[in-house]
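Report on one structure; see the data block that follows.
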Amino acid sequence: MNATPPAGDIFDVRRIRRLVELMNEYDLRELDLKQAEMRIRIRRGQDEVPVVETRPAVSTTAPAAAPGAAAAEAANNNLAIVKSPMVGTFYAASEPGKPPFVKAGDRVLPDTTVCLIEAMKVFNPIPAEVTGTIAAVLVKNEQPVEFNQPLFKVDTSA
């Protein structure tokens, strides 16, 4: 059996990596290719839920409230919760040694980048999606995060 894919095989790992690089370089959200009976679709963005093997996060903070409690708290206190749209690693700054994108007390707009989530070696900027003031940062830098995990509390009354 031949372990090397045929020259025209669109499922060659090197080609897929190059396609992902091109998507990042040109800020593409979706790529859909078809070759004979084979098809490959690569998407990224808010509706993305990559499958990534993770190890359990070790937390040094108090346990998070139940999802229903977080929603009730947000409704009662004019707080919006910015949640992770994917599984990955949370980064508070663009690179080590740089100041964080936001900290408690900072004013944000819907398009303000509040953090990066790295998933499968792709750094995804996460926007606030609301207008308000950062009330709390709920995760630590370089902490693994899960899909829909609360990252920030934003006071929308301010």
- request: Go through the range 110-137 and give me each residue that's touching a Gly at 6+ places or on another chain (Cβ under 9 Å) and more than 23 Å from ASN24 (Cβ to Cβ).
  value: THR133, ILE134, ALA135
task: Return the only residue of PRO85, PRO99, PRO110, PRO127 being surrounded by fewer than 13 Cβ atoms within 10 Å (Cβ to Cβ), touching an Asp or Glu at 6+ places or on another chain (Cβ under 9 Å) and at pLDDT 90 or above.
output: PRO110
- request: Scan the range 13-40 for residues that are in contact with an Asp or Glu (Cβ under 9 Å, 6 or more places away or on another chain) and part of a strand (DSSP E or B) and jot them down.
  value: GLN35, MET38, ARG39, ILE40
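The values are calculated or read from the model by the stated rules, or taken from the named source; none is laboratory data. Keep in mind it's a predicted model, so treat the numbers as computed, not measured. Ideal geometry is used to build each Cβ from the backbone, glycine not excepted, and the neighbour counts take in all protein chains shown.
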